[in-house]
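Coordinate-derived values only; no laboratory data. Bear in mind that the values here come from a model prediction, so they are computed numbers and not experimental data. With ideal geometry, Cβ positions are generated from the backbone for all residues, glycine too; neighbour counts draw on all protein chains shown.
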Amino acid sequence: MIRLFSLEYTPKGRKITFCGFRFSISLRSRMQMFFRPLISVIVPVYNVEKYLPQCLDSLIKQTFLPFEIICVNDGSTDKSPEILSRYADRDPRIRIISRTNGGLSAARNAGLKIARGKYIFFIDSDDWIEPNTLEKLFATAESTGADLTCVHFRAFAETENDKRQANGKQSYFDQSEQTPEGCRPLSDNPLKIHVVVNGKLHKKSIIEKFSLSFPHERLIHEDEYWAWAYGIHCQSYSYLPDPLYHYRIHRNSITGTEKNSPRPLDIIDINLLTAEEIRRYDRLEQYLPQLENIFNRHLTSALLKSGAEHYGEARRKMAGYLQIPGISKQFKENISALAEAEIPLSVLCFLLSEDTVRTLLLKKSPLPPTTGYASIQAVPRLHT
């Protein structure tokens, strides 16, 4: 009599024989077949061999179990791929995507494409979180029904120079919004909370409904775009006041490498993409006063950082602001004045301090100060 079916257990999984054909089902495959994660953690990885183990250790030690870890190796040339493989062998919740280097936005988008969780959580591969982070976030999201659930973060630095960058960057929130109970309205101003994408639980249903993704262009400051692209579809947010997310600032962060280069000017492209995304949903008129204020500050900062040698490129990019439908006459005049200045702002900084130049410009600006964002500056990470 021929046995049509047999099952054999091995240390690496199960081996099934059916009609003479033998199949192996690993523990990883079984978990992916029968285990539906509630949270998908997306970890972009690029040349972080020094910090990656601490990040992964903090994830696999989470008290919350039904989640997956999607590690996107974005063309690393150090030992990061070996570290990922070693951890994936130990924990079947870890899924690895290996791709050619495309930048941080492309890596996050690759993770979003295969994410299966009800919620999405982003973490940079040189950061780490407390063991109960996902458990607390999930419980709060479920109990409040908030479209965005966040935790406080603690910025920490390795050197004295890095500590100056970390100073004051401890919160995602405008201080006036820091009340721990229940949901807070978000639809009136998506930037009540910090633009940094990490440390937040996003609803995958919103991401899928509106086909949201990070900018496909290879740009820095992509968090600024995402904060608006996701935020305009959120009705409420909730947050945990505990500093559960640990944000590492080190010499490879953008703030330490972008001065006197064209990279700060990426924020102009991000601003224009943001305006176009909001316009797609006929919300531009609603948010334009806030956007003009933020764009004005972004542009001033970019001109101060990029240096005189990149002023020509800055002028070319600034023309894009004038094409935004419905922008105010005063904003147009501000842009024109900056574009037509005979002395670049970066040159003025050699004659006066950067803070003095910034103060003078903002005092002349007719735009009101922002709430939330203006007092808390993002510290994006360099990922190329």
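In nm, give the distance between the simple-model label positions of LYS113 and PHE35, each being 7 Å from the Cα along the Cα-to-Cβ direction.
2.4
Output wanted: per-residue J couplings in Hz (rounded whole) for the range 233-248, from phi through Karplus 6.51 cos²θ - 1.76 cosθ + 1.60, θ = phi - 60°, x for Gly and Pro.
Karplus-based 3J(HN,Hα) across the range 233-248 equals 9, 9, 8, 7, 9, 9, 8, 10, x, 6, x, 8, 9, 10, 9, 8 Hz.
Quickly work out the LYS50-to-GLU208 label distance, labels modelled 7 Å from Cα along the C-beta direction, and quote it in nm with one decimal.
So the two model labels end up 4.0 nm from each other.
By count of other Cβ within 10 Å, fewest leading, how are HIS250, HIS216, HIS221 ordered?
Details: HIS250 19, HIS216 12, HIS221 22.
Listing HIS250, HIS216, HIS221 from fewest to most nearby Cβ atoms yields HIS216, HIS250, HIS221.
Quick one: Karplus J couplings for the range 198-208, per residue in order, coefficients 6.51, -1.76, 1.60, θ = phi - 60°, nearest Hz, x for Gly and Pro?
6, x, 10, 9, 9, 7, 5, 4, 5, 4, 6
Quick one: if you stick a label point 7 Å off each Cα along the C-beta vector at SER336 and ARG279, how many nm between them?
Label-label distance for SER336 and ARG279, simple model: 2.0 nm.
Once amide H atoms are placed 1.01 Å from N in the peptide plane, what residues at a sequence separation of 5 or more from VAL43, or on another chain, have their amide H within under 5 Å of its amide H?
Distant-sequence amide H within range of VAL43: ILE70, CYS71, VAL72.
Which FRET efficiency value, to the nearest 0.05, is calculated for LYS79 and ARG154 with the Förster distance at 35 angstrom and r the Cβ-Cβ distance?
Details: r = 27 Å, r/R0 = 0.78.
Plugging the Cβ-Cβ distance into 1/(1 + (r/R0)^6) gives 0.80.
Give me, ordered by chain and number, the residues 5 or more places off LYS200 or on other chains with an amide H under 5 Å from its own placed amide H.
Those qualifying (amide H under 5 Å, at least 5 residues apart or on another chain) are PHE122.
Counting only residues 5 or more places away or on other chains, whose amide H sits under 5 Å from the amide H of LEU240 once H atoms are built in the peptide plane?
CYS150, VAL151, HIS152
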